[in-house]
Amino acid sequence: MILQALTQYYEDLLRLGKIDRPGWTKTKVSWGLLLNSQGQPVQLLRLQQENTRGKKTVLGPQEISMPSPVKRSVGVAANFLCDNSGYLLGIDSKGKPERTASCFAAAKALHLKLLETADSPAARAVTAFFTHWDPSKAAEHPVLQPDLEELLKGGNLVFWYENSPVSHDPAVADAWNRQYETGGDDQMVRCLVTGRQAPLARLHPSIKGVAGAQSSGASLVSFNAPAFCSYDHEQGANAPVSEYAAFAYTTALNTLLSDRDRVTRVGDTTILCWAAGGEPAYQDCFLDSMFRDSYSETDILGVFHALASGRPADWDQSRLDPSTRFYVLGLAPNAARLSVRFFWQNDFGTLVRSLITHYRQLEIVRPGYDKFPTLSIWRLVLETVRKPAPGARPAEPNPRLAGDLLLAALNGTPYPATLLDGVQLRIRAEHSISRGQAAIIKAYYLRNSQNTQFKEVMTVELNQQTTYLPYVLGRLFAVLEEVQQRANPQINTTIKDRYFNSASATPATVFPLLINLAQKHLAKLDDGLARYYNTQIKNLIDRITQTLPARMSLPEQNAFQLGYYHQAQFRYTAKTQKEEE
């Protein structure tokens with residue numbers, strides 16, 4: 001299903017003119033060897049261009065549409081018109097002259113074969129070059145000598161004729177297209193992706209750009225050991241995919257990965273998305289709502305409500321149709337291959353309805369300093385790891401959590417237990433609860449729990465009417481902490497730092513001590529303030545209609561934590577409103 005969706009996306013981009021036709025791909029090129037009509041090198045062109053990486057500007061290769069490269073392992077296999085100096089010039093710095101000679105011989109045979117019938121000055125120039133070039137004298141050639149050291153460091157080299165790459169010559173391009181379309185002597189199979197009879201792709205092109213994977217490229221589909229093979233099939237014959245389909249899906253995937261503005265990473269998972277038809281506005285809308293903070297809550301939800309009701313909506317001057325098919329793919333590195341973390345597909349309207357529910361369940365009162373209206377996936381995941389020290393590298397979250405959380409949000413299924421587990425570990429370690437952690441607790445139980453009484457306290461703001469004991473105890477703890485802070489304004493360590501975890505887990509042991517301590521703090525306050533806090537404490541104690549439990553379960557501890565958070569935010573909200581009055 002993934003390969004079919006990517007192949008269709010390739011065909012959408014091809015129809016829009018945004019991608020190369022089969023057999024061609026954007027290739028990074030560093031050098032151009034300019035030939036004259038007799039095939040003699042007359043100049044070595046530097047094709048590097050300036051690229052911005054962070055705050056730095058560096059020289060890097062430029063991308064040119066070239067014939068698709070072969071997939072190399074350990075054997076000798078030449079590329080057409082674009083390769084390293086070992087293949088096209090017969091020289092390199094690897095210290096293996098016999099292998100280098102074999103590489104040049106393979107490139108020479110390939111070019112002379114493919115260009116045998118090509119009738120153009122550019123084709124004849126390349127043919128003449130390979131006919132007369134002597135690799136043993138390449139290092140002394142005056143055209144190569146000035147830049148020989150840098151040339152041998154690596155980078156692709158292409159042939160240049162007059163003012164453009166030889167690959168742009170129509171006769172040369174036709175020669176390559178004929179070779180690609182005939183498939184040579186490849187086995188004919190029924191393609192599992194397209195369903196058509198076509199030449200078999202024994203090796204699929206490499207996929208580059210997945211964070212953590214090999215920089216030279218990794219495979220999504222490969223068979224490189226007998227354990228992966230069956231019925232004496234070799235390599236790609238075990239799951240027959242045609243040359244066309246292999247080229248199409250890998251080209252689509254590499255195109256998506258090369259667009260760094262529309263690729264996001266959470267943990268070790270690289271997340272891609274695309275819409276049927278190739279319109280990038282769908283990608284931007286999804287990524288802006290789930291992973292970025294560039295749009296306000298009003299902007300996002302306004303568009304979402306229109307799409308959820310089945311009406312088209314505008315996003316960045318593009319019209320979004322809720323019936324458009326949309327895809328989300330998560331990839332992670334796995335040795336020489338890529339691991340599929342998750343794959344989701346449905347129409348865009350269904351995605352939007354699921355996200356509206358997701359955000360409604362996450363909605364919670366937030367501190368005044370928190371300027372982010374929504375909690376993106378990466379913010380939620382980061383709530384499960386410790387906050388880094390200044391200048392330190394952030395801790396990595398559970399590698400599967402981002403994918404599991406995203407799928408739960410898109411499918412409307414229960415949130416993963418690892419999300420709540422990670423949040424609980426952080427709360428216990430830090431003795432506090434953040435806006436994101438409180439939102440996760442609320443959303444988790446709204447979606448996962450069947451307890452009606454428990455759900456009644458999973459609210460956006462403080463629930464002042466409930467008598468649910470764990471929640472009331474959390475509120476009471478927040479009030480007792482406030483009393484301590486008012487009695488000792490310069491205090492650095494409060495009861496939260498010493499008793500937060502034990503108060504939520506074993507209230508019968510801790511709360512008598514805390515209430516007794518609060519009486520001493522109240523004695524330090526003036527009469528009006530002491531009466532105010534005494535009233536709050538009495539009202540909350542009156543809501544406790546049962547014996548304090550010796551131990552509370554995990555869901556009850558979560559209700560305690562949410563009650564504490566709500567009461568603390570209510571205090572700050574009330575204080576701000578009073579100051580404004």
Simple label model, 7 Å out from Cα along Cβ direction - residue 546 to residue 455, nm: 2.0
The range 336-439 - percent relative contact order, Cα under 8 Å, separation 6 or more: 35
Reciprocal mean inverse distance between Cα atoms of the range 149-207 - Kirkwood radius, Å: 14.8
Average accessible surface area per residue within the range 43-168, 1.4 Å rolling probe, Å²: 55
Efficiency of FRET between residue 430 and residue 260 - r from beta-carbon atoms, R0 30 angstrom, step 0.05: 0.35
Convex hull per residue volume in Å³, alpha carbons only, for the range 15-61: 122
Separation of the residue 448 and residue 520 label points, Cα + 7 Å toward Cβ, nm: 3.9
Accessible surface, 1.4 Å probe, highest first, among residues 542, 288: 542, 288
Overall form of the range 249-323 per C-alpha gyration tensor (a/c, 1.5; a/b vs b/c): oblate
Mean projected area (nm²) of the alpha-carbon convex hull when the range 365-409 is viewed from all directions: 4.2
Theoretical gain in end-to-end length, residue 1 to residue 177 [0.36 nm per residue, Cα-Cα removed]: 60.5 nm
Cα coordinate range in the chain, projected on the principal axes (Å, largest first): 103, 51, 50
Residue-level accessible surface for residue 25, protein heavy atoms, 1.4 Å, Å²: 30
Helical contribution to [θ] at 222 nm, DSSP H n ≥ 4, -39,500 (n - 2.57), averaged over the chain, rounded to 500: -14000 deg cm²/dmol
Extreme residue, positive dipole direction of the chain, given options 558, 432, 483 (C-beta unit charges): 483
5 Å binning of all Cα-Cα separations within the range 1-91, expressed as whole percents from 0 upward: 3, 11, 13, 17, 17, 16, 13, 7, 3, 1, 0
Largest to smallest accessible area among 130, 223 [probe 1.4 Å]: 223, 130
Relative contact order [Cα under 8 Å, 6+ residues apart], the range 1-106, whole percent: 18
Solvent-accessible area per residue for the range 469-581 (1.4 angstrom probe, square angstrom): 52
Accessible surface of residue 96 - all protein chains present, 1.4 Å probe, nearest 10 Å²: 120
Assigned charges on the beta-carbon of Lys, Arg, Asp, Glu; the range 394-496 dipole about Cα centre (debye): 60
Normalised convex hull volume, the range 324-427, alpha-carbon set, Å³ per residue: 144
Whole-angstrom Cα spans of the range 409-545 along principal axes, big to small: 55, 30, 25
Net lengthening on full extension, residue 553/residue 187 (0.36 nm per residue, minus Cα-Cα): 125.4 nm
Efficiency of FRET from Cβ geometry, residue 239 and residue 51, R₀ 51 Å, rounded to 0.05: 0.85
Rounded percent of accessible protein surface that carbon and sulfur make up, the chain, 1.4 Å probe: 49
Under 20 Å from the Cα of residue 442 - aspartates and glutamates, other chains or at least 8 residues apart: 297, 363, 370, 383, 404, 421, 430, 456, 461, 556
Calculated SAXS-style log₁₀ I(q)/I(0) at q = 0.14, 0.17, 0.22, 0.24 Å⁻¹ - the range 24-137, Debye, Cα scatterers: -0.65, -0.93, -1.38, -1.50
Relative contact order computed over the chain (Cα-Cα under 8 Å; 6+ residues apart), in percent: 10
Accessible surface ranking that places the most exposed of 220, 114 first, with a 1.4 angstrom probe: 220, 114
Eligible aspartates and glutamates near residue 113 by straight Cα distance, threshold 14 Å, same-chain separation 8 or greater: 174
Virtual spin-label span in nm between residue 65 and residue 509, 7 Å along Cα→Cβ: 7.3
Kirkwood Rh in Å, taken over all unlike Cα pairs in the range 78-141: 12.0
Rounded accessible area of residue 113 (nearest 10 Å², 1.4 Å probe): 130
The chain, dipole about Cα centre (Lys/Arg Cβ +1, Asp/Glu Cβ -1), debye to the nearest 20: 1800
Pairs of alpha carbons in the range 233-386 whose separation is greater than 28 Å (percent): 29
Estimated FRET transfer efficiency when R0 is 30 angstrom, pair residue 527-residue 502 (beta carbons, to 0.05): 0.40
Cross-link pairs beyond the 19 Å C-alpha cut-off, checked among 108/137; 28/94; 455/538; 55/208; 71/208; 387/455: 28/94; 455/538; 55/208; 387/455
Cα centroid of the range 156-207 to Cα centroid of the range 437-464, whole Å: 58
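The values are calculated or read from the model by the stated rules, or taken from the named source; none is laboratory data. None of these values were measured; they are calculated from a predicted model. Because the Cβ atoms are built from the backbone with ideal geometry, glycine has one as well, and the counts that use them run over all protein chains shown. Ligands, DNA and RNA are stripped out before the accessible areas are found, and what is left, the full protein with its side chains, is counted by its heavy atoms. Shrake-Rupley method; radii C 1.70, N 1.55, O 1.52, S 1.80 Å.
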